[in-house]
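One structure is given here, and the rest of the page talks about it.
No value in this document is a laboratory result; all are computed from the given coordinates. Please read all numbers here as calculations on a predicted model, not as lab measurements. Here Cβ is always computed from backbone atoms with ideal geometry, including for glycine, and neighbour counts include all displayed protein chains.
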Amino acid sequence: MMETLTYLDVNSLVYDPDACINCGMCSMVCPHGAFEDGESAAILAHKERCMECGACMVNCPGHAIYVDSGVGCAAAMINAALRGQKEATCGGDCGCGGSSCCG
Amino acid sequence: MKTRKATPDMRRVTFPIRDRAVLIPVELVGTFLPTLGAGLAGWLLGGWWLAFAAMVSILAGTLLFPLLLPWLPFREFSLKGFVLGVLVMLPFAFWKIQTASGSGVHLALSLAALLLVFPAVTAFVSLNFTGSTPFISKSGVRLEMNRFIPLMAWLSGIGLVAAVVQRILELTGVA
């Protein structure tokens, strides 16, 4: 059974169809099919499915997509808040927050 | 594989029960010490049944929550967890009602404590499962944390007050 799980309809995804060059990359790389191929530009068909992974933004040559990507993890956010870090990261035991040991 | 090109299905991320089940040991290890601590605190404060209830409330979030994720109502993990927490506390509540010896006030306070504190614990443990899932957005988690962590704190605080009042009434023999 394929389960389509959807979280809250809250994300930072912003798409500008005017800047789209219709290369099809966003619809290809999105792990949840938020984008679909369109006639002249990609269509943001399921914005609510966005998990803010940032794959579409990184792969968009026209810079038509913006998303504030990051770790959607309550435990990491709580750890970051307790340590006074701005950005939550996974595997926070080293406390590096993306530098040194995290390469 | 023959075409050496990823199909659209390969590019999609799903979260079937198998993928959720393999995460359970990680969750169990991560909450091992808090579970033992909760059990010990429960045992010291109320005996074996409270120790059992405390440990069950955490295990519900680590063991049952990943399995039951799609079937629990609501989209927020905290609310899903709270519902699950109430469900696993129902047998304890029935047991309390069956064995109640004091007045109705005692029973009401005990039940309020049981059904507020432990479901809030399950809700918090469940909220921490957000990071293990492949469909959660950072903005959504932040919103949920801002909304529901204070609520969990309030509910468990009210429940603890109810438990303390019940114990004081019991010790002083009032009501």
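Take the Cβ atoms of B:Ile158 and A:Lys86, set R0 to 35 Å, and the FRET efficiency comes out at 0.55.
Please average, across the residues of B:119-127, the number of beta carbons from any other chain that are within 10 Å of each residue's own beta carbon, and give a whole number. Before the final figure, lay out the partial values.
On the way: counts 0, 0, 0, 0, 0, 2, 1, 1, 4.
Mean partner shielding for this stretch: 1.
Using a Gaussian network model of chain B whose springs link C-alpha atoms within less than 10 Å, name the residue from B:Leu23, B:Leu64, B:Leu44 with the highest mean-square fluctuation. Result: B:Leu44 has the largest fluctuation of those listed.
How large is the helix-only mean residue ellipticity at 222 nm for chain B, computed as the sum of -39500 (n - 2.57) over DSSP H runs with n ≥ 4, divided by its residue count, in deg cm²/dmol to the nearest 500?
Rounded to the nearest 500, the figure is -24000 deg cm²/dmol.
For the pair segment A:9-64 and segment B:87-130, the centres of their Cα atoms are 46 angstrom apart. Model label points for A:Ala19 and B:Val29, set 7 angstrom from Cα along the Cα-to-Cβ axis, are 4.2 nm apart.
A:Cys73 sits among other residues whose Cβ lies under 12 Å from its own Cβ, and their net charge, with Lys and Arg +1 and Asp and Glu -1, is -1. So for the protein assembly as shown, what percent of the C-alpha to C-alpha distances run longer than 36 Å? That tail contains 28 percent of the Cα-Cα pairs. Rg ratio for chain B: its Cα radius of gyration over 2.2 N^0.38 Å, N being its residue count, equals 1.24. Across B:Thr99, B:Thr122, B:Thr35, mean-square fluctuation computed from a Gaussian network of chain B (C-alpha pairs under 10 Å connected) peaks at B:Thr99.
Here is the size of segment B:1-96 from its Cα atoms: Rg then Dmax, 18.1, 64 Å.
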